Amino acid sequence: MKTNQNILQDNFGRQHSYLRISLTELCNLRCTYCMPEEGVKLEPRSHIMNFDEIYTIAKTFVDHGVTKIRLTGGEPLIRKDVQIILKKLATLPVELAISTNAVTVDRFIEVFKTCGIQNINVSLDSLNAEKFKEITRRHDFDKVYQNIQLLIKEGFNVKLNAVLIKGFNDNEIIDFIKFTKALPISVRFIEFMPFDGNKWDKAKMMSYAEVMTLVNSAFDKASILRIEDAPNDTSKNYKIEGYKGSFAIISSVTNPFCDSCNRIRLTANGRLKNCLFSATESDLLTPLRDGKDITPIISKAMQSKFKIRGGMDTLEKLESPELHSKNRSMISIGG
Ligand code: SAM
Ligand code: SF4
């Protein structure tokens, strides 16, 4: 049942229609940019939303105007009841999507189809098995590579997300773009972002401008086509003429897209984050368990959303460990 209360609009007139739900803080990989080496402090299991709670909170958001839900994590597909969650959420009138590292994707092809999931984002930071191992601290390159091919063969819309780290995988940017020659996928280069404990260093970040300089020197200028971005798109999209796929840059650090932000996030322990970079969170799970109405809490959280990057409106503020370390590690936010 849709309601007229516009609780998902913030003070800057931004309407939030895209909810990202983290299903778990656990992961079968250990990407260095995403989680600290020592791991993250895990919530007790009883503090994690069960599938009914996920459904109830998601439905509240859908009733107030959310039209797209992306499941993320940690690694969403390692949660034991993920199939039940997918099937329950598929009953809501929303576009359902998922972000995964693809290690176990082959076991979910049928359930994705049953649930109408078409858009699948896969993390892949290197096309080289050794480097994959270095960044993920695990040996799953072949599995992931095969599963990406499987998703394409099965007709899913696949986006590959590669976090760029200077001196590590910036020399693969052109290889990644050439990967789109025969494959109908979008490779999205993500600027390395600072989060608690990920040893972020501005010098390791490859900016949008630097990526484009490299692209311009590798391809004939006339063949680099700018594609129109979808509304609320966080990426600047391009393709090489004649290539089946495309590439994009997500420039959250150097070129934030906060003006058109329509995203909100729900952590695995049921906290609403009004911004990826926000240092504060609103607990929805405890009041839900206490039988309370969560809509006033959601409304208050939306009213307190900052205009830019959780209040870190300059690059200097974002760079300050004092400020960005107040935020969780990415593994427990969900990307
Ligand atoms: N496990 C799934 C995956 O890897 O796609 C979903 C969760 S992961 C946290 C979601 C996205 O966040 C991934 O695309 C990952 O590359 C990205 N990410 C994690 N840490 C990041 C960072 N420090 N800067 C930029 N992107 C990051
Ligand atoms: Fe796991 Fe995804 Fe984080 Fe890598 S980026 S550690 S796959 S949650």
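The values are calculated or read from the model by the stated rules, or taken from the named source; none is laboratory data. The structure presented is a predicted model; accordingly, all values stated were derived computationally and were not measured. Please note: Cβ atoms are built from the backbone with ideal geometry, for glycine as well, and neighbour counts cover all protein chains shown. For accessibility, only protein heavy atoms count, side chains too; no ligands or nucleic acids. Shrake-Rupley method; radii C 1.70, N 1.55, O 1.52, S 1.80 Å.
If you take the beta carbon distance between Ser223 and Glu95 as r and set R0 to 25 Å, what does 1/(1 + (r/R0)^6) give as a FRET efficiency, to the nearest 0.05?
Details: r = 32 Å, r/R0 = 1.29.
With R0 = 25 Å, the Cβ-Cβ based efficiency is 0.20.
By the scheme Lys and Arg +1, Asp and Glu -1, what is the net charge of all other residues having a beta-carbon under 10 Å from that of Cys115?
+2
Tell me the relative contact order for the stretch 246-335 as a rounded percent, counting alpha carbon contacts under 8 Å between residues six or more apart.
30 percent
Keeping all protein chains in the complex and leaving out DNA, RNA and ligands, what accessible area do you get for Glu130 with a 1.4 Å probe, in Å² to the nearest 10?
Glu130 exposes around 120 Å² with every protein chain in place.
Please report, in debye to the nearest 20, how large the charge dipole of the chain is about its Cα centre when each Lys and Arg carries +1 at its beta carbon and each Asp and Glu carries -1 there.
Magnitude of the dipole: close to 460 debye.
Percent relative contact order of the chain, based on C-alpha pairs within less than 8 angstrom and at least six residues apart?
Relative contact order here is 22 percent.
Specify which residue in the list Ala301, Val211, Ala248 is farthest towards the positive end of the charge dipole of the stretch 18-333, using unit charges on the beta carbon of Lys, Arg (+1) and Asp, Glu (-1), about the Cα centre.
Of the listed residues, the answer is Ala301.
What's the FRET efficiency of Lys178 with Asp290 using the Cβ-Cβ distance as r and R₀ = 45 Å, to the nearest 0.05?
0.25
Roughly how much of Ser282 is accessible, in Å² to the nearest 10, using a 1.4 Å probe?
Rounded to the nearest 10, that gives 30 Å².
Work out how much length Asn128 to Thr280 would gain on full extension: take 0.36 nm times their residue separation and subtract the Cα-Cα distance, in nm to one decimal.
Full extension of this stretch gives 50.9 nm more.
Give the Cα extents of the chain along the principal axes, in whole Å, largest first.
Extents along the principal axes, in whole Å: 59, 46, 40.
So if R0 is 30 Å, what FRET efficiency would Phe12 and Lys87 give, r being the distance between their Cβ atoms, rounded to the nearest 0.05?
Numbers: r = 36 Å, r/R0 = 1.21.
Once the sixth-power term is evaluated, E becomes 0.25.
Label-point separation (nm) for Ser46 and Asp259, each offset 7 Å from Cα along Cα-to-Cβ?
If labels sit at Ser46 and Asp259, their model points lie 4.9 nm apart.
Using θ = phi - 60° and the Karplus curve 6.51 cos²θ - 1.76 cosθ + 1.60, what whole-Hz ³J(HN,Hα) does each residue of the stretch 270-280 get, with Gly and Pro shown as x?
Calculated HN-Hα couplings, in order: x, 9, 8, 10, 7, 7, 4, 9, 6, 8, 10 Hz.
I'd like the accessible area for Tyr243, computed on protein heavy atoms only with a 1.4 Å probe and all protein chains in place. Round to 10 Å², please.
Roughly 30 Å² of Tyr243 is accessible to a 1.4 Å probe.
Tell me, for the chain, which Cys residues have no other cysteine's C-beta sitting closer than 4.7 Å.
Cys27, Cys115, Cys258, Cys261, Cys275
Output the antiparallel fraction of DSSP beta bridges having both residues in the chain, as a percent to the nearest 5.
Values: 14 of 47 bridges.
Antiparallel: roughly 30 percent of the beta bridges in the chain.
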